[in-house]
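Visitor: One structure is given below, represented as structure tokens, and several questions about it will come after.
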Amino acid sequence: MIDVLLARLPYVGSVVLVAVGLFVLVDDENLVKKVLGLNVFQTGVFLFVVTAAYRTGADPPIVTAGGGPYANPLPQVLVLTAIVVGVSVTAVALALVVRIYREYGTLREDVLREELADE
């Protein structure tokens, strides 16, 4: 069993990152920690996509005579695009968190729900 897990270590790492990120998103009340949990979740998904696309012994996707198996560049391009989108989402989320803190003076979700219910 340990041999199987060690052979698939990047997959195990991606599952752990996704699980930790999802746990922080669901469990924590602090909005900044929720944004960080979202980033950890995204990192786990990126690791999974890159790991799933990896091919041992693959050549770069430059077609030559007598070439062997080629590496598919599409997953890497998708992950790079997702990283750019993730950074943008993080920036917007943190800007909203700063705005919420200036307006309500707290970053705890339960306190915010109480204040919004009182209004």
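Visitor: Amide H neighbours of D59 under 5 Å, at least 5 residues apart or on other chains, H built in the peptide plane: list them.
Guide: Long-range HN contacts for D59: Y70, A71.
Visitor: From the backbone phi of region 15-30, what are the Karplus-calculated ³J(HN,Hα) couplings (6.51 cos²θ - 1.76 cosθ + 1.60, θ = phi - 60°) in whole Hz, Gly and Pro given as x?
Guide: 5, 5, 4, 5, 5, 5, x, 5, 4, 5, 4, 7, 8, 7, 9, 7
Visitor: Moving on. On a 0 to 90 degree scale, rounded to 10, what angle separates helix 109-118 from the longest Cα axis of the chain?
Guide: 40 degrees
Visitor: Report the accessible area of I62, computed with a 1.4 Å probe over the heavy atoms of all protein chains in place, in Å² rounded to the nearest 10.
Guide: Per-residue accessible area (I62): approximately 120 Å².
Visitor: Further question on the same structure: Where the centre of each part is set by its Cα atoms, how far does region 54-69 sit from region 7-36, in angstrom?
Guide: For region 54-69 versus region 7-36, the Cα centre distance is 35 Å.
Visitor: If we count every other residue with Cβ under 15 angstrom of E103's Cβ, Lys/Arg +1 and Asp/Glu -1, where does the sum land? Show your work: numbers first, answer last.
Guide: Working: positive: R99, R102, R108, R113; negative: E109, E114, E115, D118, E119.
Combined, the nearby Lys, Arg, Asp and Glu give -1.
Visitor: Percent of Cα-Cα pairs more than 23 Å apart in the chain, please.
Guide: Of all Cα-Cα distances in the chain, 50 percent exceed 23 Å.
The values are calculated or read from the model by the stated rules, or taken from the named source; none is laboratory data. This structure is a prediction, so every number in the text was calculated from the model and none was measured. Using ideal geometry, Cβ is built from the backbone for each residue, glycine included, and neighbour counts are taken over all protein chains shown. We work out accessible area using only protein heavy atoms, side chains counted, and drop any ligands, DNA or RNA first. Shrake-Rupley method; radii C 1.70, N 1.55, O 1.52, S 1.80 Å.
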